[in-house]
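Chemist: Starting off with a structure, shown below.
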Amino acid sequence: MENIWSSVLEFFAKASADLALKIVVAGLMIFIGLKLIGFLLRLLDKAMNRGKLDDGLKGFLRNATAVFLRFTLIISVLIYLGVPAASFVAILTSAGLAIGLALQGSLSNFAGGLMILFFKPFKVGDFIKTETADGTVQDISIMYTTLRTLDGKKVVVPNAKLSNDVITDFSWYDTRRIDISITTDFYEDVEKIKGLLMDVAQRNESVLKDPAPGATLDKIQDGTLLFTLRCWAKTSEWWATNIALTAAAKEELEAQKVTLRGPVREVRQI
């Protein structure tokens with residue numbers, strides 16, 4: 001410790017008064033600058049909390065602001081110490097070009113992450129479907145979005161791809177429609193089938209009254225009748241209601257001696 005202190009004293013003894021003063025001022029600039037940066041970051045945190053921004057966006061904005069302010073502080077101190085500003089421009093230009101060429105894919109993901117965080121086409125907890133994957137959104141980071149599939153798999157999607165895909169968000173609205181398709185024999189009574197399906201919907205407490213449920217004959221094909229029961233439920237209850245209605249419709253129609261038909265397949269002998 002004594003040797004270090006002696007070296008410091010020797011340096012200041014040999015250095016000119018002007019250089020020594022610059023070093024002391026530079027140290028003060030760094031100390032005060034870091035304190036000021038901390039204060040500004042706390043103000044930013046309070047502003048973002050009041051604005052109720054997405055957690056991923058808040059983290060990115062805070063980190064980006066901190067890096068920018070600290071980098072600006074370092075450059076300011078070096079310029080004060082006499083390092084030519086032109087040198088920084090040349091270095092930054094060369095470094096920027098090299099990094100840009102090396103990280104083209106990563107920069108695309110970065111830009112895609114910014115678009116997702118700012119425009120919010122979906123949020124954490126939503127069930128989405130893309131051109132390549134579907135699942136519940138677990139996390140949205142600046143580079144990747146993580147999904148959990150229905151069978152419990154983790155899918156990590158690059159934000160560059162996700163920001164350019166067509167995305168279907170099944171959780172965006174509070175309600176969703178349920179479509180239950182039933183195929184019967186051609187000679188069944190159409191009005192009877194429609195009435196039975198409506199009874200099934202009206203007995204289920206999760207089915208919404210508005211919009212009202214409806215049952216229609218949608219198609220006559222290959223000696224069969226295709227009926228569809230359409231009704232609405234809360235998005236949070238969609239899966240359970242869909243499953244319950246499907247089972248109840250089958251049980252009700254079979255109890256009323258309705259002949260149900262499966263898909264017709266044409267088999268050719270070669």
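FYI, it's all coordinate maths here, none of it is from the lab. For clarity, every value in this text was computed on a predicted model and none was experimentally measured. Cβ coordinates were reconstructed from backbone atoms using ideal geometry, including for glycine residues, and neighbour counts include every protein chain displayed.
Chemist: Do any chymotrypsin sites (Phe, Trp or Tyr not before Pro) in the stretch 102-181 lie in a DSSP loop with no more than 16 other beta carbon atoms within 10 Å, and if so, which? Please report the intermediate quantities before stating the final value.
Modeler: On the way: sites: Phe110, Phe118, Phe119, Phe122, Phe127, Tyr144, Phe170, Trp172, Tyr173; in loops: Phe122, Phe170, Trp172, Tyr173.
Sites meeting the loop and neighbour criteria: Phe170, Trp172, Tyr173.
Chemist: So, one more: Considering all alpha-carbon pairs of the stretch 121-169, what whole percent are spaced by more than 12 angstrom?
Modeler: Result: 55 percent of Cα pairs exceed 12 Å.
Chemist: Can you tell me the FRET efficiency between Lys129 and Thr72 if r is taken as the Cβ-Cβ distance and R0 is 51 Å, rounded to the nearest 0.05?
Modeler: Taking R0 as 51 Å, the efficiency between Lys129 and Thr72 is 0.75.
Chemist: Another one. Placing one identical point scatterer on every Cα of the stretch 97-203 and ignoring solvent, what is log10 I(q)/I(0) from the Debye formula at q = 0.16, 0.17, 0.24 Å⁻¹?
Modeler: Taking Cα atoms of the stretch 97-203 as identical point scatterers yields -0.76, -0.81, -1.25.
Chemist: What's the magnitude of the charge dipole for the stretch 172-270 around its Cα centre, counting Lys and Arg as +1 and Asp and Glu as -1 at the beta-carbon? Answer in Debye, nearest 20.
Modeler: Once rounded to the nearest 20, the dipole reads 200 debye.
Chemist: Could you give the length gained by full extension between Asp139 and Ala64, i.e. 0.36 nm per residue of separation minus their alpha carbon distance, to one decimal place? If you can, show how the numbers build up before the last one.
Modeler: Working: separation 75, 0.36 × 75 = 27.00 nm, distance 1.94 nm.
Contour length minus the Cα-Cα distance gives 25.1 nm.
Chemist: Under 5 Å between amide H atoms, partner at least 5 residues away or on a different chain: which partners does Thr259 have, H built in plane at 1.01 Å?
Modeler: Asp185
Chemist: Taking H as built 1.01 Å from N, whose amide H comes closer than 5 Å to the amide H of Lys219, not counting residues under 5 places away?
Modeler: Amide H neighbours of Lys219: Leu226.
Chemist: Please list, in chain and number order, the residues 5+ apart from Ser141 or on another chain whose amide H is under 5 Å from its amide H, with Hs placed from the backbone.
Modeler: The answer is Thr146.
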